[in-house]
Amino acid sequence: MITRFDLAAHTGRWARRGAGGKVGLAVGLLAVALAAPAPWGAGVALPAALALALGPAGVPGRVVGAVMAAPVGFLALSAPLLAVSVAWDQGLVLAWSEEGAWNAAFLAVRALAGTACLALLALTTPLPQVIGMLRRLGLPLVLADLVILTYRMVFLLGDSALTGMRAQQARLGYEGFRGSLRSLAWLASGLLVRTVERARRLEGGLAARGLDETASVPWASSPTRVSEWGLALGLPLVLAALAEGLALGGAGALAGWARAMVAWGGGFL
Amino acid sequence: MSDHAAALIEAHGLVFGYPGREAPALDGVSLRVPRGTRLALLGPNGAGKTTVLMHLNGALRPRAGEVCLDGVPQGYDRAALRAWRQRVQLVLQDPDDQLFAASVAEDVAFGPHNQGLAAAEIERRVAGALTDLDLEPLAALPPHLLSHGQRKRVALAGALAMAPEVLILDEPTAGLDHQGERRLLETLARLHARGTTLVLSTHDVDLAHAWADQVALFAAGRVIACGPPADILGDFNLLGAAGLAAPAVVRVARALEEAGIPLGNPRGRDLDALVARIRASCGSMAGRKDGPDAAAFGKPRGTGGAAFF
Amino acid sequence: MSDHAAALIEAHGLVFGYPGREAPALDGVSLRVPRGTRLALLGPNGAGKTTVLMHLNGALRPRAGEVCLDGVPQGYDRAALRAWRQRVQLVLQDPDDQLFAASVAEDVAFGPHNQGLAAAEIERRVAGALTDLDLEPLAALPPHLLSHGQRKRVALAGALAMAPEVLILDEPTAGLDHQGERRLLETLARLHARGTTLVLSTHDVDLAHAWADQVALFAAGRVIACGPPADILGDFNLLGAAGLAAPAVVRVARALEEAGIPLGNPRGRDLDALVARIRASCGSMAGRKDGPDAAAFGKPRGTGGAAFF
Amino acid sequence: MHIMEGYLPPLHAAAWAAAAAPFVIVGAVKVVRTVREHPESRLLLAASGAFTFVLSALKMPSVTGSCSHPTGAGLGTVLFGPSVMTFMCSIVLLFQALLLAHGGLTTLGANIFSMGIAGPWVGWLVWRSLRGIGASLELSVFAAAALADLATYCVTALQLSLAFPDPVSGVAGAAGKFLGVFAVTQVPLAIVEGLLTVAIMNRLSRY
């Protein structure tokens, strides 16, 4: 999973674009989704983020779907709770709440929009580019190095974990609850020992290359072009204006329709 | 057994791709592993050998195609995989990723324990595997204190303790030195003699030539040729297509033949056999007095004497 | 330069032990690496080759003994180590032990960046190293998306970008297939032609024979012999003491000589040369009509015709 | 139990970020000081962070059938201490957001508070007090890990109920709803994580 998303970020059409522009665009869209009048802000940010990811950035639809799957699960579990009110003054009373249903619907759109913005960032921007940007913005060197080294080790250990799990499965590990627990404990403890070993060996290798406390990991700058800044700043502004407009007028009919749908949904409960 | 009888393992048209990569890792691979064979999957790095091996014990599931044991297509539910893996054991290339226990003996016991065997039987299996691989003196040590070669042996012992019908080894000689390789080949010979079917992957043409009954030549996710080592590894064009050189013994024997010194068939599968063959030719020539002037083969070296024919 | 002049690198009586292990990893190792040499440290796994290499650029500090550059004993304070590593670069066997940056280009830039070079010079060095190793298309990718062979090339590029006088490589061919090894050797030949001094460790006798000017034979933490490859690798007893077999070309040439077909000196250092030599012998014999009966060497194969001499 | 991006209203997101910030800064300062004093700890810290990340990606055996992952808060706290764990959790959560779009940037503060602060500190308190009164290693590890897990989930439920109070019964009612629904999955998971952490610690003690 993680390799797949990371691969998309590193090899996608937007991989070489400036990190500043990509972060700016995603954060700008996120701001529209959260701060522009609900639900219009999220309502315009969601399609915009998805369209950018699938269109210009060229991220395959399957990958976008896979990224969105886990958050959608969280949403499905928790948002419906908002539509139900609970009281216990006179015994436990559960009731359909129209206000709650509205909140749930707005929340769902907003959360989906937010996650789409984040997915746009994650699937177009390799993590080290973001760290490089944070470093230019003043993230202490020690922390930036630590994050980059962690990033490197995540994939080394991830490979080890995957191979290890396969090797255990080949020897009939992960059978039943007890077997799974046992196999997982072996894997995790073995992995921890291996982690320490890895760190020790990398230490030796890096000492040979001269990575002492005075040296830091270099990073490639990924300058953002003017046109990219234009998109990053312009699009959110346009969308924010659009959301304002929708909220002020012309949206009454749509809102009435949505209200009717919610009331109809309440009839079922 | 006729050619049409089901082999112990058969793979039919396996297609597999790693997520996010465009080129398929396997592009329609079929293989046939009759019982008791020693099959080498030979090819350059990245040709798909490891990916095929992981299909042969169900670790990976093909996008298309199927794997059969004794002619029966295998399923991928829990019970089917369990039965499959009891019969087919896979040893990966890097032992570090496969050893988890705090001691060698404990690690080797992992499989038999999961098989649900009785304690006495587990102990018997572990002792047997440790003896087979000469690991008894190390039984109580933690794997991370062992050398690379020793760890490879522990990983192999862990698979052997499962008493599999088929043992699959991914690049088993990688990183081993001369002694380590010799030792591994002795172990494999013992297993073969006991009837274990063996499949290994390698990019070492000399190893494939010396060891295998059958060679499947891989290039870019396909099997481009399959047959006895003499045929596959004697075909220089074929090897070139796979980006490999011919084995040393084949090249030398070919050169000698072209130079008019045929060594006959079989030429010997490894260097020891080739050298013995050259020596034997020498012996058969020793009685003859009318040899050519040795100097013609190059500058004469010292006094010829008995070495001349 | 006379034999008494200081060599580029000299190690004198290095003794080293890893904590927690009884046997010393190095038990008094001395080496001499004159400028422009290609030195191979040859020995089985665990003989101390890697440990010596890590001493040659100061990554490890000996318990006794010293390392000299141009006759000057080296210190271990930060400034001394820094100067030392500018001149002597080490590439480890497992690239994952020394690659740490988030992309290939950044990783290669680490050394030059650390040397405090100007941005333009860093860029030039990085571009040069990437071109040398055919890595330009991968420059922006993180190491974890590359194959093992590619990662090995990145590690080498990182060392080359430092423009070292001496390049030290630990088991550089381990895990490489035929093409990968050929490619590496071409790169090393280019570096040698540019005047870089090269030291590598290997357990591959064929590689040491084909590549090195000097071979230091290791066994159990000691150098048991040092000299030209023909001497060291032609001495079967010596190799046996180190647990190694003789190179294929040496064994075949020896057998041919014993069979009365001396190939003369030089016999050729690798299989290509040996095969060419055999063919050349054939050519020189082709004019002669009074050759021996080829059948005496074994069963004749097909009609002899032009292949006979 | 990551709160997804866009889930919390901006004000709540900012408030939780402000609440988490001091803990993260203290952890970061501690880490920076450790690295300055012991440069060799840099790789060990990076490796531990990577380990925490990989651990959180492993699937735990599940009794309810839902797919779940260990939080690692209990194990990390026992191994590294709570303030270092806060910092490592922050890195892991940032990685999850930037690599997997899991969790979020605006919800980072809230998630750090539940998973990186409440979990580890509760785990640490439980661990210290149980060890203090002479409880067995197994019991202390189990309780620390299981309660760290539960604390994470309770804080998450509280965060959600503060953001979305029940129209009738307010925050308390919302908390009841969220706790009730999540308990179905989270209580068994906390027990499983407790058992798993004991098993891991048992194995580690044998190396």
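Couple of notes before you dig in:
- Here the strands (runs of 3 or more DSSP E) wholly within the range B:29-109 that include at least 2 residues being under 26 Å from B:GLY128 (Cα atoms) and in contact with an Asp or Glu (Cβ under 8 Å, 6 or more places away or on another chain) are B:38-42, B:88-91.
- Criterion: small (Gly, Ala, Ser), facing chain D (nearest Cβ under 7 Å) and surrounded by fewer than 24 Cβ atoms within 10 Å (Cβ to Cβ) - qualifying residue of A:GLY176, A:GLY114, A:GLY158, A:GLY138: A:GLY158
- For the range A:207-231, a residue qualifies if it is modelled with pLDDT of 85 or more and buried (at least 21 other Cβ atoms within 10 Å of the Cβ), but none of them does.
- The range D:156-196, subset facing chain A (nearest Cβ under 7 Å) and under 20 Å from the mean Cα position of the chain (by Cα), residue surrounded by the fewest Cβ atoms within 10 Å (Cβ to Cβ): D:VAL181
- Helices (runs of 4 or more DSSP H) lying entirely in the range A:80-182 (those with 1 or more residues that are in the same structural domain as A:GLY205 (by TED's automatic domain parsing) and in contact with a strand residue (DSSP E or B) (Cβ under 9 Å, 6 or more places away or on another chain)): A:141-170
- Flag if D:LEU44 is at pLDDT below 90, more than 20 Å from A:TYR174 (Cα to Cα) and at the interface with chain A (Cβ under 7 Å from one of its Cβ atoms): yes
- Condition check for D:PRO70: within 10 Å of the chain's Cα centre (by Cα), at the interface with chain A (Cβ under 9 Å from one of its Cβ atoms) and surrounded by 23 or more Cβ atoms within 10 Å (Cβ to Cβ): yes
- Tallying residues that are within 17 Å of A:LEU202 (Cα to Cα) and free of Cβ contacts under 8 Å to residues at least 40 places away in the same chain within the range C:107-128 yields 0.
- On inspection, D:ARG36 qualifies as over 26 Å from A:ASP6 (Cβ atoms), part of a helix (DSSP H, G or I), facing chain A (nearest Cβ under 8 Å) and not β-branched (Val, Ile, Thr).
- Test: residue in the range D:135-144 that is under 17 Å from D:PRO70 (Cβ atoms) and touching a residue at least 60 places away in the same chain (Cβ under 8 Å): yes
- Only a single item in (1) without any contact (Cβ under 8 Å) to a residue 40 or more places away in the chain; (2) farther than 26 Å from A:ARG62 by Cβ is not met by D:LYS59, and it is number (2).
- Candidates C:THR196, C:THR202, filtered to the one that is touching a residue at least 24 places away in the same chain (Cβ under 8 Å), among the hydroxyl-bearing types (Ser, Thr, Tyr) and closer than 30 Å to B:ALA208 by Cβ: C:THR202
- Residues that are more than 7 Å from every other protein chain (Cβ to nearest Cβ), of a type in the set (A, V, I, L, M) and buried (at least 22 other Cβ atoms within 10 Å of the Cβ), drawn from the range C:94-127: C:LEU99, C:VAL104, C:VAL108, C:VAL126
- In summary, strands (runs of 3 or more DSSP E) completely within the range B:182-230 and bearing 2 or more residues that are buried (at least 23 other Cβ atoms within 10 Å of the Cβ) occur at B:197-202, B:214-219.
- C:ALA259 being within 13 Å of chain B (Cβ to nearest Cβ) and touching a residue at least 60 places away in the same chain (Cβ under 8 Å): no
- Residues within the range B:193-208 that are of a type in the set (Val, Ile, Thr) and within 12 Å of another protein chain (Cβ to nearest Cβ), tallied: 2
- Test: residue in the range D:83-102 that is of a type outside the set (Gly, Ala, Ser), part of a loop (DSSP other than H, G, I, E, B) and at pLDDT below 95: yes
- Of all residues in the range C:50-66, exactly one satisfies the criterion of being buried (at least 23 other Cβ atoms within 10 Å of the Cβ) and either farther than 23 Å from C:GLY221 by Cα or more than 13 Å from chain A (Cβ to nearest Cβ) (or both), namely C:VAL52.
- The single residue among A:LEU162, A:LEU172, A:LEU121, A:LEU181 that is at positive phi and at pLDDT 90 or above turns out to be A:LEU172.
- The combined condition, being away from chain C (no Cβ under 13 Å), crowded, with 19+ Cβ neighbours inside 10 Å and in contact with a strand residue (DSSP E or B) (Cβ under 7 Å, 6 or more places away or on another chain), is not fulfilled by B:PRO143.
- If you go through the range C:151-172 and keep only what is surrounded by fewer than 20 Cβ atoms within 10 Å (Cβ to Cβ) and within 12 Å of chain B (Cβ to nearest Cβ), you end up with nothing.
- Any hit, the range A:189-201, residues being over 24 Å from D:PHE95 (Cβ atoms), within 7 Å of another protein chain (Cβ to nearest Cβ) and surrounded by fewer than 20 Cβ atoms within 10 Å (Cβ to Cβ): no
The values are calculated or read from the model by the stated rules, or taken from the named source; none is laboratory data. Keep in mind the model is a prediction, meaning the values are calculated, not measured. Ideal geometry is used to build each Cβ from the backbone, glycine not excepted, and the neighbour counts take in all protein chains shown.
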